[in-house]
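*Asks:* Here it is, the structure in full.
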């Protein structure tokens, strides 16, 4: 069995509520994390993301200046100079399906509803480390594959018109470089 | 707590990404450096995870001694936001009030007051669904007063019939101001 060594993870917590930051930090320390950074709004979170280069970000939705969705969108830019693939866990009081879908469409990796528990947070963190999904880049989306479960019975909206050819453009490398440079 | 910084971040590794290019989308496979760097093989299944979770729960248990005072501070924030909205009932004040209520909605259960969180949720949903319509001060006041009373009387969850009756009355109040919004 594989165990995640939290001492080797650098985690950024972005939440405008000091009490919630303390709760999350306490849980992370309990898991073994030692390098935990905190930011109290989206702007400070973006700055800490670029300066501290965290391995995982835990972000609240409702925050002043710009919120967790806007922060996620700013990070998920394929041409970014800083890791646009960083796992983002949205920790929020919102539980409505529409909000979950909106977070997913912004590029969130995992969604975690408050009230938070040690088990649920641990599970989301494990998913980020052990089961990362591939990323999808389209004209209007860049983020983790929204089809979480690989199966032949996908029933969501069909956004991909082509799935049959592995490489449609022979200059794949050039395309890839342009997508990521 | 002082700590030794980890290894330098892998700030360039993410650029080395395998890609499958399709006509209208690209599938990218970033290397999983986190798994390489932060995992190790251990013994029987589940033992490491359970231990980490128990450690975190114990740490949260110690922290919970502070939760009553945290709840008081959150309610004070809510009261201040209510007063600010009563003085200047504009968009900024309503947004600030929503954020404080939303904080309570999310953390009241963790702090030991799930029923207060439920009332805060009712207020949040009410504000969301009103959208551009003016937020009735009376609805705000009743919700804030109810949360204060519930915490003052140490009413925690749905095992208290008076608390449950109060949440029903608030739902009716919301429906009165905006039909269809009370029974969410």
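*Asks:* Among B:81, B:56, which is the only one that is facing chain A (nearest Cβ under 7 Å), in contact with a helix residue (DSSP H, G or I) (Cβ under 6 Å, 6 or more places away or on another chain) and either modelled with pLDDT under 95 or part of a helix (DSSP H, G or I) (or both)?
*Replies:* On the way: B:81 fails: facing chain A (nearest Cβ under 7 Å).
Just one listed residue meets the conditions, B:56.
So that you can scan it fast, the table gives a plain yes or no per residue for (1) at pLDDT 90 or above; (2) under 13 Å from the mean Cα position of the chain (by Cα); (3) surrounded by 17 or more Cβ atoms within 10 Å (Cβ to Cβ):
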{"residue": "A:88", "(1), (2), (3)": "yes, yes, yes"}
{"residue": "A:96", "(1), (2), (3)": "no, no, no"}
{"residue": "A:101", "(1), (2), (3)": "yes, no, no"}
{"residue": "A:117", "(1), (2), (3)": "yes, no, yes"}
{"residue": "A:139", "(1), (2), (3)": "yes, no, no"}
{"residue": "A:158", "(1), (2), (3)": "no, no, no"}
{"residue": "A:163", "(1), (2), (3)": "no, no, no"}
{"residue": "A:169", "(1), (2), (3)": "no, no, no"}
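*Asks:* A further question follows. Within region B:93-109, track down each residue that is within 9 Å of another protein chain (Cβ to nearest Cβ) and free of Cβ contacts under 8 Å to residues at least 24 places away in the same chain.
*Replies:* Once the filter is applied, which keeps residues that are within 9 Å of another protein chain (Cβ to nearest Cβ) and free of Cβ contacts under 8 Å to residues at least 24 places away in the same chain, region B:93-109 yields B:95, B:96, B:99, B:102, B:105, B:106, B:109.
*Asks:* Sticking with this one: Restrict the check to region A:22-40 and report whether at least one residue is away from chain B (no Cβ under 11 Å), more than 23 Å from residue A:85 (Cβ to Cβ) and either touching a helix residue (DSSP H, G or I) at 6+ places or on another chain (Cβ under 8 Å) or surrounded by fewer than 18 Cβ atoms within 10 Å (Cβ to Cβ) (or both). Spell out how you get there, then give the answer.
*Replies:* Applying the first criterion (away from chain B (no Cβ under 11 Å)) to region A:22-40 yields A:37-40.
Narrowing the set further to residues that are more than 23 Å from residue A:85 (Cβ to Cβ) leaves A:40.
The next check asks that each one be either touching a helix residue (DSSP H, G or I) at 6+ places or on another chain (Cβ under 8 Å) or surrounded by fewer than 18 Cβ atoms within 10 Å (Cβ to Cβ) (or both); those that pass are A:40.
Yes, some residue in region A:22-40 is away from chain B (no Cβ under 11 Å), more than 23 Å from residue A:85 (Cβ to Cβ) and either touching a helix residue (DSSP H, G or I) at 6+ places or on another chain (Cβ under 8 Å) or surrounded by fewer than 18 Cβ atoms within 10 Å (Cβ to Cβ) (or both).
*Asks:* Got at least one residue in region B:127-134 being within 14 Å of chain A (Cβ to nearest Cβ), surrounded by 14 or more Cβ atoms within 10 Å (Cβ to Cβ) and either out of contact with any helix residue (DSSP H, G or I) (no Cβ under 7 Å at 6 or more places or on another chain) or within 30 Å of residue A:123 (Cβ to Cβ) (or both)?
*Replies:* Among the residues of region B:127-134, at least one is within 14 Å of chain A (Cβ to nearest Cβ), surrounded by 14 or more Cβ atoms within 10 Å (Cβ to Cβ) and either out of contact with any helix residue (DSSP H, G or I) (no Cβ under 7 Å at 6 or more places or on another chain) or within 30 Å of residue A:123 (Cβ to Cβ) (or both), which makes the answer yes.
*Asks:* If the requirement is being at pLDDT 95 or above, within 12 Å of the chain's Cα centre (by Cα) and over 25 Å from residue B:68 (Cα atoms), which of these qualifies: A:72, A:50?
*Replies:* Values: A:50 fails: within 12 Å of the chain's Cα centre (by Cα).
A:72 is the lone residue from the list that is at pLDDT 95 or above, within 12 Å of the chain's Cα centre (by Cα) and over 25 Å from residue B:68 (Cα atoms).
*Asks:* Right, here's the next one. Among (1) more than 7 Å from chain A (Cβ to nearest Cβ); (2) over 23 Å from the mean Cα position of the chain (by Cα); (3) modelled with pLDDT under 95, where does residue B:48 come up short?
*Replies:* (1)
*Asks:* Kindly indicate which of A:112, A:121 is assigned to a helix (DSSP H, G or I), at pLDDT 55 or above and more than 18 Å from residue B:27 (Cα to Cα).
*Replies:* Values: A:112 fails: assigned to a helix (DSSP H, G or I).
So the residue among A:112, A:121 that is assigned to a helix (DSSP H, G or I), at pLDDT 55 or above and more than 18 Å from residue B:27 (Cα to Cα) is A:121.
The values are calculated or read from the model by the stated rules, or taken from the named source; none is laboratory data. Note that the structure is predicted; figures quoted are calculated from it, not measured. Positions of Cβ are generated from backbone atoms using ideal geometry, with glycine treated the same way; all protein chains shown enter the neighbour counts.
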